[in-house]
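What follows is a short report on a single structure.
Throughout, read-outs are computed from the coordinates displayed, never taken from laboratory work. Everything quoted here is computed from the prediction, not taken from an experiment. Using ideal geometry, Cβ is built from the backbone for each residue, glycine included, and neighbour counts are taken over all protein chains shown.
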Amino acid sequence: MSYVKTIFRISTILMASAVFTQCMFMGHPAGQGPVGALYQQTTTPGSGNDLSIPQTRTGEACTNRILLWIIGWTWGEGTISDAANDGGITRISTVDTEQLNVLSIYSRQCTVVKGDDKPVSPGSTSNPGPGFSDTVIMRDGTVHRNVKTIIQGNLINIIKSDGTSLTVPKTSVRTVRKGR
């Protein structure tokens, strides 16, 4: 009988320690927004939104995570460009982050992009297309001109007028000069 009690105690201690060590990893690995231990469902707005662009389309791209004991599985691409492609969006108005967490076992973080599908003209160096008037100077000296920047937490998404995008950490950017 004491053998069963010992196994039960050890199992309880292991389960409790696994749950409490997950306190560092609750929510989603990106760690943005408030976190709930039992259940969390939040929407966090992004910055750099352009509300002059109509919101006729919505696209979503998600990353998911299942964590059982120490073993975890993560899948999905939650990039802004994937969300824009999902919604057929060519001009981005807003970027939000939605998070769901259930018992720290399952979590999902989605990037939700709203905008429209009007064609974007690349413009020229002297007259960039609409919304593409920012300049980003990287710490390594690289300069990105006539781009649209969206700052999201510790990341900066640089969207070029040809539709390509680049996501970089804030620490690798020296300056972001907002255009008109």
Which residues qualify? For THR90, with a placed amide H closer than 5 Å and at least 5 residues away or on another chain, they are ASP116, ASP117, LYS118
How many nm separate the modelled label positions at TRP75 and VAL4, each set 7 Å beyond the Cα in the direction of the Cβ?
-> 4.0
Output ordering of 89-100, 5-16 (per-residue mean of other Cβ within 10 Å, highest first) is 89-100, 5-16
